[in-house]
Every structure is written in C-alpha cells, then in structure tokens.
1. Tell me the residue from F57, F24 that is within 17 Å of the chain's Cα centre (by Cα), modelled with pLDDT of 95 or more and in a helix (DSSP H, G or I), please.
2. Consider C167 against the criteria (1) farther than 20 Å from P214 by Cα; (2) in the same structural domain as A196 (by TED's automatic domain parsing); (3) touching a residue at least 40 places away in the same chain (Cβ under 8 Å): it satisfies all of them except one. Which criterion is unmet?
3. Applying the selection to region 22-48, what residues are crowded, with 21+ Cβ neighbours inside 10 Å and within 11 Å of A79 (Cβ to Cβ)?
4. For residues that are modelled with pLDDT of 95 or more and assigned to a loop (DSSP other than H, G, I, E, B), scanning just region 89-103, find the one that is farthest from V212 (Cα to Cα).
Amino acid sequence: MMLAVIFDFDGVIVNSEPLHWRAFVDVLRPMGLEVDYLTYLQRYVGCDDRDFYRLFFKDRGRSFDEQALPRMIEAKARAFERIVEQGVEAIDGAVELVTACAERWPVGLCSGALRRDIECILPRIGDGTLMQRFGAVVTADDVARSKPDPAGYLLAAERLGVAPGECVAIEDTPAGIASALGAGLKTLALTTTCPADALTDADRIVESLTQVDPNALAEWFE
C-alpha cells in the first residue's frame with residue numbers, strides 16, 4: 001500500500017546539479033583546485049556539501065581542516081545563490097507531478113541540499129507556491145549524515161506520519177536510491193543525472209517525469 005510520495009530535490013525537482021558544480025568550482029578555484037563536471041557527476045553527485053569537501057580533499061591526498069568546513073559551506077551557499085539568480089529550470093513534469101500527487105497523498109521532500117538552497121529555488125519555479133505542497137521537508141540541515149545514509153528518508157516519513165514501507169521515493173542518483181532503500185521505501189529512479197544502468201537498484205526507472213502521474217504510481221506501487 002502506498003500512502004505518500006517523497007521527492008528528492010536536485011535532479012528531480014530542478015535541474016540544479018550543474019549549478020552546484022559551478023558553485024563548488026567558484027570556491028575551489030582560488031585554492032588552485034578544480035573538478036570537472038563529468039568527475040563531479042561520477043564521483044560526487046548525491047553528496048551533501050559536507051561530504052563533498054571531505055571526499056574531494058581525501059581523493060587528492062590532502063588533509064582537510066574540519067574547522068574550515070562551516071566557512072567553506074557558507075562560501076559555496078553564497079556562490080550557489082548568485083548562480084541561481086541567473087536562472088534555474090524545473091525538471092520537465094516535476095511541478096505538475098508534485099501538484100497532482102499532493103492532491104492524492106501526503107508529499108514530502110528529502111534532499112542533501114541546504115534548506116537555504118531549496119528556499120532560494122522553489123519560489124522561482126512554477127507559480128512560486130510549490131513549497132506549500134510539501135507536508136515535510138528534510139534537508140542536510142536536519143540530519144547528521146546525508147545520503148546514502150537512510151536518516152533523511154526515515155525522518156521525512158516520520159514527519160509525514162507514514163511508515164517508510166508505505167512511501168515511494170523519487171530519486172536520480174545511486175546514493176539517493178541507497179538512502180531510500182535503506183530506510184525501507186519503494187523507489188522510482190529518474191535518468192536526469194545518471195544513466196539507467198547506474199540506477200538498477202530502484203524498483204522502477206523512467207526517463208522523464210512526464211511519463212509519471214498519480215495513476216501510474218498507484219498502479220506500480222500500490
């Protein structure tokens with residue numbers, strides 16, 4: 001029985017992964033460091049900002065100063081906000097699907113992004129009221145460990161008042177799918193960020209949210 005739908009944010013609601021990458025580049029470049037977009041997608045997509053920095057510096061064999069982490073997260077957040085001001089696009093079908101699902105089931109958001117990132121973007125897509133559709137919003141600010149750890153999805157289901165096994169997560173990365181499955185949710189994968197062969201742990205894979213509506217979700221998961 002499916003009673004709730006929980007959406008990831010980056011790559012599911014908005015096409016923001018390139019924007020996050022550009023923001024990280026803006027922070028790293030003054031340090032003489034670089035990460036190309038393909039490497040970002042293959043290695044770091046799905047990480048929250050904390051884990052990105054830790055993993056990035058580890059990959060380069062460099063020590064990382066945890067005391068500098070809040071400053072680096074803040075610098076990236078400011079860079080991201082400047083980039084978003086230039087424009088951001090919703091994923092095809094995302095606004096329509098969130099709106100339609102919210103008329104039928106409780107709807108939540110579970111993201112590794114900062115809450116300020118989400119609040120910066122949501123008023124800019126659709127009619128600006130999409131945030132009001134979500135009965136629960138869980139971000140990197142709410143959990144000590146982000147995806148692939150299941151904590152975010154467990155908290156989102158709890159805030160919606162629904163058992164994890166009665167929720168479907170819509171995700172676009174292996175880390176997100178692992179997080180949802182680890183929490184006991186069913187999973188629908190979207191190939192906006194990763195190819196289908198990287199998402200095979202999901203219960204079902206689609207190429208576009210325009211292929212999905214509440215009736216399809218009910219047929220697939222109820």
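1. F24
2. It is condition (1) that C167 fails.
3. Answer for region 22-48, where residues must be crowded, with 21+ Cβ neighbours inside 10 Å and within 11 Å of A79 (Cβ to Cβ): A23, F24, V27.
4. The residue in question is E103.
The values are calculated or read from the model by the stated rules, or taken from the named source; none is laboratory data. On a predicted model such as this, the values are computed, not experimentally measured, just so you know. So basically every Cβ, Gly included, is an ideal-geometry build from the backbone, and we count neighbours across all protein chains shown.
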